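Working notes, structure below.
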Amino acid sequence: MIKRFGRNTAGRDLAVGDIHGHFTRLQAALDAVGFDPAVDRLFSVGDLVDRGPDSIDVDCWVLRRPWFHAVRGNHEQMTIERSDMHFLNGGAWFCGLSSVDQDCYAVILADLPLAIEIETLSGVVGVVHADIPRDDWAFLVAGLKAGGPEAVHIEAMCQWSRRRIDQFDESGVSGIRAVICGHTPVRSPVVLGNVYHIDTGGWLPDGSGHFTLLNLETLEVEPHK
Ligand SMILES: [Mn+2]
């Protein structure tokens, strides 16, 4: 449910917002900042699949790129659960697969954690897809570990909630240096307290958005090289 990573002493740790089947565009964004797969790591807020043309490549990104780490977004969840909503929300690529292939993708995506913790010089940074319940990272961790109905509720908030950004709630999250999330598209990154909303629509079909790559050590957007 929660995956923890030690500090990256060799290279950079970057985070990216929703990808939605645009891995080709993502790779171009990585190239633009000189991403080095030998030492750098990329942390994704999830929603890897649906809408764009490359959803089918999600298995390669998750399984064959040891520097790529993602949490499970609501679109991964809809894929895993074969949700009725999925087809209408960009899931046509999945509906067209054989049931054997569908099972393979579902297993791969179900293995993604709900939250990621990354150690940095200035403290631990958390990654979730949408938002976290309450304003305390420890509550999230304890709730997910406890399981049961409370964990189900917390999972749903992590994957679907827009409460914080809808209410422009700047109270932030205690017990963690910063929280990175996506799910709600924004023109440029929105920082509410220590919560960073970085889905700048790099996946938008009309190309009006871009992928923001946030450096987890500096909490600044990584400049192009
Ligand atoms: Mn989402």
Scanning the stretch 55-101 residue by residue, the ones that are of a type outside the set (F, W, Y), open to solvent by 30 Å² or more (accessible area, probe 1.4 Å) and either assigned to a helix (DSSP H, G or I) or within 14 Å of the ligand (Cβ to nearest atom) (or both) total 17
| request: Please work out if A15 is farther than 27 Å from A142 by Cα, small (G, A, S) and either modelled with pLDDT of 95 or more or in a helix (DSSP H, G or I) (or both). | output: no
Matching residues in the stretch 41-54 (within 12 Å of the ligand (Cβ to nearest atom) and open to solvent by 30 Å² or more (accessible area, probe 1.4 Å)) number 1
Flagged in the stretch 188-212 as open to solvent by 50 Å² or more (accessible area, probe 1.4 Å) and small (G, A, S), in numbering order, are S188, S208
Within the stretch 121-160, residues being open to solvent by 50 Å² or more (accessible area, probe 1.4 Å) and within 16 Å of the ligand (Cβ to nearest atom) number 1
Those residues of the stretch 161-185 that are open to solvent by 40 Å² or more (accessible area, probe 1.4 Å), within 16 Å of the ligand (Cβ to nearest atom) and either closer than 21 Å to R4 by Cβ or basic (K, R) (or both) come to a total of 2
Any residue at all in the stretch 196-214 that's out of contact with any Pro (no Cβ under 6 Å at 6 or more places or on another chain), among the aliphatic types (A, V, I, L, M) and in contact (Cβ under 8 Å) with a residue 40 or more places away in the chain? yes
Among the residues of the stretch 1-37, the number that are touching a residue at least 60 places away in the same chain (Cβ under 8 Å), open to solvent by 60 Å² or more (accessible area, probe 1.4 Å) and not hydrophobic (A, V, I, L, M, F, W, C) is 4
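The values are calculated or read from the model by the stated rules, or taken from the named source; none is laboratory data. Model, not experiment: these values are computed from the prediction. Note that each Cβ is placed from the backbone with ideal geometry, even for glycine, and that neighbours are counted across all protein chains shown. Only protein heavy atoms, including side chains, enter the accessible area calculation; ligands, DNA and RNA are left aside. Shrake-Rupley method; radii C 1.70, N 1.55, O 1.52, S 1.80 Å.
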